[in-house]
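The values are calculated or read from the model by the stated rules, or taken from the named source; none is laboratory data. This is a predicted model, so every value here is computed, not measured. Positions of Cβ are backbone-derived with ideal geometry, glycine not excepted, and every protein chain shown enters the neighbour counts.
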Amino acid sequence: MGKNVTFRNDGGRELQTVRLHGRVDVRTVGDLRLRLHTAIDCGRGRLRVNVAGLELADQAALGVLLGGVRRARRSGRSMVLVDVPDDLGRLLSANRLGRFLQVEDADLFHVGHA
């Protein structure tokens, strides 16, 4: 499970992007949780979690992502999933989790004024 972190300034607001990749199942979900919680705890502002490289073997990752949203909110942050793969998108839809996990396309990111 890998992690790349970048920070940007979005019109005066801080923005953190984390790229998670690798296979997630019940054996590796602890690593995903640790990496996500570290990103939340060590940053400020909006957290964008790029999940394009995640391979989901089961639904174990959903609980971690939901827990990440709750942890981010308790820290005064927001969290959004970016570049959601089709299999994860179907899981979110089937479990009606779209109301808890915000999703956006990576190419919709905009900095500055329109």
Margin query: Kindly evaluate Leu62 against the criterion of being under 12 Å from the mean Cα position of the chain (by Cα) and surrounded by 14 or more Cβ atoms within 10 Å (Cβ to Cβ).
Written below: yes
Per the filter on the stretch 16-58, residues loosely packed, with under 15 Cβ neighbours inside 10 Å and either in a helix (DSSP H, G or I) or of a type in the set (Phe, Trp, Tyr) (or both) are Gly30, Leu34, Thr38, Asp41
Within the stretch 29-80, of all residues that are among the acidic types (Asp, Glu) and in contact with a strand residue (DSSP E or B) (Cβ under 9 Å, 6 or more places away or on another chain), the one nearest to Ser93 (Cα to Cα) is Asp58
Next on the checklist: Tell me yes or no: at least one residue of the stretch 14-27 is at pLDDT below 80 and under 17 Å from Gly76 (Cα atoms).
Outcome noted: yes
Any residue in the stretch 80-100 that is touching a residue at least 24 places away in the same chain (Cβ under 8 Å), under 26 Å from Arg44 (Cα atoms), of a type in the set (Lys, Arg) and not in a helix (DSSP H, G or I)?
no
